[in-house]
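Since the structure comes first, as structure tokens, the remarks are kept for the end.
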Amino acid sequence: MLATHNIRLQFGGRTLFDDVNLKFTKGNCYGVIGANGAGKSTFIKILSGEIQSTGGSIEISPGERIAVLKQNHFAFEEEEVLTTVILGHSELVKIMREKEVLYAKENFTDADGERAAELEARFGELNGWEAESEAGALLAGLGIGTEMHSKKMKDLAGGEKVKVLLAQALFGKPEILLLDEPTNDLDLKAVQWLEKFIQGQEESTVLVVSHDRHFLNKVCTNICDIDFQKIKLFVGNYDFWYKSSQLAQRMLSDQNKKVEDKMKELKEFIQRFSANASKSSQATSRKKLLDKLTLEDIQPSTRKYPYVGFRQEREAGDQLLRVENLSLSIDGERMFHDLSFTVKKGQKIVFLAKSELATKALFQVLAGERQADSGGFSWGITTSRGYLPSDNGAFFQDASLDLINWLRQYSADQTETFLRGFLGRMLFSGEEAKKKSTVLSGGEKVRCMLSKLMLAGHNVLIFENPTNHLDLETITALNEGMIDFKGTLLFTSHDHEFIQTIASRVIELQSKGCRDEECTYDQFLGLE
Ligand SMILES: Nc1ncnc2c1ncn2[C@@H]1O[C@H](COP(=O)(O)OP(=O)(O)OP(=O)(O)O)[C@@H](O)[C@H]1O
Ligand SMILES: [Mg+2]
């Protein structure tokens with residue numbers, strides 16, 4: 001059991017949440033939802049003890065251990081797979097590293113000997129000698145074979161990476177599992193695998209942050225919504241939370257209706273929804289809770305829509321991109337081979353591949369960040385390209401920059417009003433534009449990257465999984481912005497609706513060449 005008592009969190013003058021009194025119990029999966037920047041990752045960090053709350057306390061049943069899968073899947077890029085898993089047990093790793101340093105010393109003193117003995121004893125207690133085989137067994141259970149153990153994390157596809165990070169979280173058998181946006185970087189098959197995995201965790205308490213409604217509906221027994229500087233728990237899945245919050249919005253706007261009538265409507269809604277619930281036990285418990293529900297308990301959300309619009313400074317000429325016999329292998333694995341295609345002005349092309357390492361590598365080559373093995377490609381001289389990589393970590397290293405100065409680096413017009421205009425569209429206004437670029441949440445970083453791209457006026461955009469980390473409102477705005485864009489677009493995505501509404505051409509990389517069709521995604525999949 002994990003409980004919070006009067007948790008409050010403030011950053012500078014801004015309160016993210018206060019009076020948080022919640023209890024999370026075994027066998028349940030809690031979906032943590034909220035807009036980008038609402039405080040989901042911060043809440044997870046408070047629960048895991050990574051950061052201190054401004055007030056209040058956390059209670060964990062004695063003997064229980066918490067493990068976390070963090071939102072940033074790129075934190076262990078240079079580590080090997082097996083080491084990454086063992087890193088899940090920080091004390092063990094600390095001991096291993098200290099031992100290594102001690103034994104490497106040339107003048108090993110008596111004091112060193114004593115320290116080494118202490119470390120060895122603790123190492124034994126923690127079952128350190130078994131660490132590698134335990135880590136291997138966990139990986140095997142998740143479908144990662146021994147041939148992958150010595151690969152570096154950066155050479156793994158998104159789905160494999162998340163599996164290794166999950167193994168890391170599971171290493172040391174935690175009772176409480178906190179997963180912060182695990183479905184980012186996962187393709188459909190990997191998401192389905194994760195759904196089954198979470199459904200099977202009947203003996204654990206699971207909290208999972210996600211913006212993916214379908215996924216939340218599949219795995220959650222409860223929803224934990226961060227809004228209005230509060231965190232509230234609701235029984236039921238995402239759809240139920242969503243519909244009740246829509247209903248509340250309607251009721252609030254209907255000022256003429258009497259309170260009794262509103263309550264009546266609420267009750268009817270609950271009845272209907274309970275009848276639809278698949279498990280009757282779930283329906284009963286939901287009904288019990290909902291019977292106590294009052295109008296004040298349900299509030300419409302404060303989610304806001306940003307504005308996304310990409311304007312080309314200059315239209316490109318007809319010669320856009322020609323790719324000829326392009327081939328690339330990484331570590332002996334074929335990414336693409338003998339790939340040829342030409343792009344016409346204004347096309348919106350989605351790229352698919354069995355492994356998304358392949359599409360990522362192709363985009364890196366086209367963006368000039370990686371060399372191909374053979375073949376060539378040429379961009380039209382009138383093109384100006386903007387690239388949104390899925391790992392944006394390198395752009396947010398400088399702690400001295402606030403958001404205005406961060407964006408200023410990429411702008412010809414240096415005036416604050418101009419820069420604030422672009423930040424404002426991405427919902428950073430007033431004091432928010434003055435915060436440090438290094439403290440941004442996952443979605444806020446992507447919003448900053450989008451501001452940078454909007455300002456640049458490129459006529460070609462290359463987007464790698466742009467919806468990762470974004471909340472539903474921002475995804476909707478981005479979706480519209482990409483539909484309206486008059487230039488050329490090359491992108492990847494795991495979001496079916498997103499691809500279907502944007503792409504006019506589909507290129508699927510194959511072991512040799514590609515399948516290339518000018519049609520919608522559904523037509524390509526044979527669904528239409
Ligand atoms: N040290 C800090 N100082 C000031 N503000 C901070 C600090 N750390 C985080 N923030 C801000 O707190 C807010 C919450 O961040 P958090 O990462 O918890 O959001 P989130 O709900 O996980 O969002 P996302 O969906 O984008 O991942 C953000 O607006 C972030 O910029
Ligand atoms: Mg987050």
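Please treat every number below as a calculation from the coordinates, not as lab data. What you see is a predicted model; the values in this text were computed from it and never measured. With ideal geometry, Cβ positions are generated from the backbone for all residues, glycine too; neighbour counts draw on all protein chains shown.
Would you mind counting up the charge near GLN71? Only other residues with Cβ under 14 Å from its Cβ, with Lys and Arg at +1 and Asp and Glu at -1.
-3
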In the neighborhood of ILE223, defined by Cβ-to-Cβ distances under 10 Å, what is the net charge if each Lys or Arg adds +1 and each Asp or Glu adds -1?
-1
Reachable lysines, given that their alpha-carbon falls under 16 Å from the alpha-carbon of LYS218 and they are not under 8 places away in the same chain
LYS189, LYS196, LYS279
In straight Cα distance, which aspartates and glutamates are under 13 Å from LYS434, not counting same-chain residues fewer than 8 positions off?
ASP402, GLU416
Have a look at the range 390-528 and give its Rg and Dmax from the Cα atoms, expressed in angstrom.
17.0, 52
When the C-alpha atoms of the range 118-229 are aligned to their principal axes, what extent does each axis show, in angstrom, from largest down?
50, 30, 26
How big is the range 2-235 by Rg and Dmax over its Cα atoms, in Å?
19.4, 62
Could you work out the pair-distance distribution P(r) of the chain from its alpha-carbon pairs, with 10 angstrom bin width and percents rounded to whole numbers?
3, 16, 24, 26, 19, 9, 3, 0, 0
Can you list the residues, at least 5 places off or on another chain, whose amide H is less than 5 Å from the amide H of ILE330, using H built in the peptide plane?
MET335
Under the Karplus relation with 6.51, -1.76 and 1.60 and θ = phi - 60°, whole-Hz ³J(HN,Hα) for the range 385-399, x at Gly and Pro, equal 10, x, 10, 10, x, 6, 9, 9, x, 5, 7, 10, 9, 8, 6
Entries of LYS40/LYS173; LYS304/LYS344; LYS230/LYS262 with Cα pairs more than 32 Å apart:
LYS304/LYS344
If amide H atoms are built 1.01 Å from N in the plane of the peptide, which residues on other chains or at least 5 residues away come under 5 Å of the amide H of SER384?
ASN459, VAL460
Along its three principal axes, how long is the range 364-459 when you only count alpha carbons? Whole Å, largest extent first please.
50, 26, 20
Straight-distance crosslink candidates among lysines, where the alpha carbon sits under 23 Å from LYS258 and sequence neighbours closer than 8 are dropped
LYS243, LYS267, LYS292
Expressed as a whole number of Å, what is the distance separating the alpha-carbon centroids of the range 458-527 and the range 422-449?
25 Å
Given only helices, namely DSSP H runs of n ≥ 4 each adding -39500 (n - 2.57), what is the per-residue ellipticity at 222 nm of the chain, to the nearest 500 deg cm²/dmol?
-11500 deg cm²/dmol
Cβ-Cβ cut-off under 12 Å around GLU369, Lys and Arg +1, Asp and Glu -1: the net charge is +1
Under 5 Å from the placed amide H of GLY513, counting only residues 5+ away or on other chains, we find HIS337, ASP338, LEU339
Using the per-residue mean of other Cβ atoms lying within 10 Å as a proxy for protection, in what order, highest first, do the peptides 439-451, 222-234, 419-431 fall?
439-451, 222-234, 419-431
Among the trypsin sites (Lys or Arg not before Pro) in the range 14-100, which ones are in a DSSP loop with at most 15 other Cβ atoms within 10 Å of the Cβ? Mind listing them?
ARG65
If you project the alpha carbons of the range 16-65 onto the principal axes, what extent comes out on each, in Å, largest first?
32, 24, 19
